[in-house]
Amino acid sequence: MKIISWVFIAVLAIAIITLSIGNKGPVTFSLYPLPFVIEVPLFALVLGGGFLGILLGSVRTWISDGKARRENRAGKQEVLRLKREVARLEQDRATRSENPANGSDHLLQIADTKHSSTG
């Protein structure tokens, strides 16, 4: 997969270099309603437009993926909370298994309170 990406980058670099060498002639760039006119080489205009398109597409993707990033962050926080809960429960279980008498004391206390309140 890495070789494919390197081949793609090499082909893209060759295309950009060829475009830059072959299209050095100046063109007039203007934003019609505005009084903005500039003469730039054609390759700069094409490469600038491509760069602007990539930049705007990246910003749009970043904004549209905001909900997924937020849900992912919430999911990670939930996993961490559940891991802490599991660790706490395992620690409680280990403590009870070390001293089994403490685990049944509360049952005896409940039974004693039921018998003393009915009698």
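Taken together, the values in this text are just the output of simple stated rules run on the coordinates, not laboratory data. Just so you know, these numbers come straight off a predicted model, no measurement behind them. For neighbour counting, all protein chains shown are included, and Cβ atoms are generated from backbone atoms with ideal geometry for every residue, glycine included.
For the stretch 2-64, the relative contact order works out to 22 percent when only alpha carbon pairs closer than 8 Å and six or more residues apart are counted. Looking at the P(r) of the stretch 2-64, how many percent of alpha-carbon pairs lie beyond 14 Å? Tail fraction, whole percent: 71.
If you plug the beta carbon distance of residue 85 and residue 61 into 1/(1 + (r/R0)^6) with R0 = 30 Å, you get a FRET efficiency near 0.25. Stretched out straight at 0.36 nm per residue, the stretch from residue 51 to residue 1 would grow longer than its current Cα-Cα span by 15.5 nm.
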